[in-house]
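The values are calculated or read from the model by the stated rules, or taken from the named source; none is laboratory data. Note that this is a predicted model, so its numbers are computed, not measured. A quick note on method: Cβ atoms are made from the backbone with ideal geometry, for glycine too, and the neighbour counts reach across all protein chains shown. Just the protein is used for accessible areas: all its heavy atoms, side chains included, with ligands, DNA and RNA removed. Shrake-Rupley method; radii C 1.70, N 1.55, O 1.52, S 1.80 Å.
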Amino acid sequence: MKLVSYKTEDREHLGVFVNGHIYNLNSCDKLLPDNMNEFLQGGEVLMERAKRVDDQIKEGSLQAKEEIFYELLAPVPHPASCRDGYAFRQHVAAARRNRKVDMIPQFDEYPIFYFTNHNAIQGTGEIECMPDHFDKLDFELEIAVVIGKKGRNITAAEADSYIAGYMVMNDMSARTLQMEEMLLNLGPAKGKDFSTVIGPWLVTPDELLPYKVPAKDGHVGNAYDLKMTCRVNGIEVSRGNAADMDWTFAEIIERCAYGVDILPGDVIGSGTVGTGCFLELNGTGLLNDPNYKVQWLQPGDVVEMEITGLGALTNNITKADTDFSILALKK
């Protein structure tokens with residue numbers, strides 16, 4: 001099942017995406033809420049009701065009316081929180097190699113994550129950036145999960161049952177702001193807090209069963225063979241696979257939930273896949289060729305991310321009509 005959040009006029013709604021069309025779930029079953037947050041609060045009971053509606057639409061036994069005029073939103077427009085992991089060893093190793101430092105051994109000891117701004121979640125469409133964001137503006141190609149039920153002190157062996165679904169994620173990054181703050185051992189903060197993009201819909205785990213593969217040796221949890229690509233202005237710049245995650249989402253959730261509640265609607269990103277950002281690509285390019293032409297996102301660029309089974313997430317990069325700069329305020 002593919003769950004979508006969308007807007008008609010000034011109201012947000014919850015629907016299913018079936019064969020290229022959106023159908024409102026509340027119109028099909030009045031016991032289903034008309035927004036994603038309330039739906040996720042209902043846990044497995046409401047998820048099963050929604051799946052029955054989805055099945056009935058697909059088999060033609062329910063004559064649902066499709067939505068015609070709508071604006072597609074982030075699948076979870078108002079997440080309870082947003083964490084981002086660091087699960088792909090290839091990305092971490094390449095980034096460190098490009099900085100001429102050794103791979104950090106602690107990467108293989110435990111999964112880590114940071115909290116980002118859950119109020120800056122966006123879906124398909126325009127991403128408006130400030131002037132300072134364009135000082136090395138970057139994408140990050142990731143896969144994300146949404147938590148579907150409350151839990152605490154969850155083991156990795158049981159953690160996959162807490163996942164309501166999967167999405168494409170673009171962790172937008174303003175590298176100059178990010179690196180400036182991280183010199184003081186804090187952040188990434190301003191380098192990340194302006195936009196995190198998820199979408200185009202929330203895909204329930206049952207749809208990914210055909211792609212399931214074993215987790216890497218010594219790891220616990222579900223893993224999936226899902227091709228991940230990113231195109232900028234129609235040109236492929238990044239390619240990876242979700243199966244290359246060294247830390248599984250189950251292991252990341254285990255750490256997230258240690259001594260604290262995870263809640264329905266929490267979003268957790270995987271971290272960047274190998275080759276999944278310009279920071280890594282530029283660094284590797286310059287390491288191999290001093291004349292390598294670096295690339296960063298510019299106003300007018302179109303970023304398209306696609307993951308097998310999860311769909312394609314497309315965004316247009318625009319610049320705010322202002323000259324206001326916090327980089328210029330440095331003492």
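Here are the numbers:
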{"read-out": "Evaluation of residue 101 against (1) surrounded by 15 or more Cβ atoms within 10 Å (Cβ to Cβ); (2) at pLDDT below 95; (3) among the aliphatic types (A, V, I, L, M) (one fails), failing number", "value": "(1)"}
{"read-out": "Residue list for region 271-288, restricted to those being assigned to a helix (DSSP H, G or I) and within 15 Å of residue 231 (Cα to Cα)", "value": "278, 281"}
{"read-out": "Considering residues of region 42-58 that are without any contact (Cβ under 8 Å) to a residue 60 or more places away in the chain and closer than 16 Å to residue 207 by Cβ only, the residue most open to solvent (accessible area, probe 1.4 Å)", "value": "52"}
{"read-out": "Some residue of region 226-233 being within 28 Å of residue 1 (Cβ to Cβ), in contact with a Lys or Arg (Cβ under 6 Å, 6 or more places away or on another chain) and of a type in the set (Val, Ile, Thr)", "value": "yes"}
{"read-out": "Spans of strands (runs of 3 or more DSSP E) in region 176-244 with at least 1 residues in contact (Cβ under 8 Å) with a residue 24 or more places away in the chain and among the basic types (Lys, Arg)", "value": "227-232, 235-241"}
{"read-out": "Sole residue being touching a residue at least 60 places away in the same chain (Cβ under 8 Å), acidic (Asp, Glu) and surrounded by fewer than 23 Cβ atoms within 10 Å (Cβ to Cβ), chosen from 289, 323", "value": "323"}
{"read-out": "Looking only at region 219-235, and only at residues there that are of a type outside the set (A, V, I, L, M, F, W, C) and closer than 13 Å to residue 301 by Cα, the one that is most open to solvent (accessible area, probe 1.4 Å)", "value": "233"}
{"read-out": "Hits in region 3-23 - residues which are modelled with pLDDT of 95 or more, more than 14 Å from residue 66 (Cβ to Cβ) and open to solvent by 10 Å² or more (accessible area, probe 1.4 Å)", "value": "7, 11, 12"}
{"read-out": "Test: residue in region 298-311 that is of a type in the set (S, T, N, Q), surrounded by fewer than 15 Cβ atoms within 10 Å (Cβ to Cβ), over 30 Å from residue 156 (Cβ atoms) and in contact (Cβ under 8 Å) with a residue 12 or more places away in the chain", "value": "yes"}
{"read-out": "Any pair with Cβ under 7 angstrom, 6 or more apart, that starts in region 30-41 at a residue that is over 16 Å from residue 165 (Cβ atoms) and ends at one that is of a type in the set (Lys, Arg) and crowded, with 17+ Cβ neighbours inside 10 Å", "value": "31/49"}
{"read-out": "Conditions (1) touching a residue at least 40 places away in the same chain (Cβ under 8 Å); (2) outside any loop (DSSP other than H, G, I, E, B); number of the one not met by residue 154", "value": "(2)"}
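Conditions tested, residue by residue: (1) within 24 Å of residue 233 (Cα to Cα); (2) modelled with pLDDT of 95 or more.
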site	(1), (2)
127	yes, yes
137	yes, yes
143	yes, yes
152	no, yes
171	yes, yes
178	no, yes
187	no, no
197	yes, yes
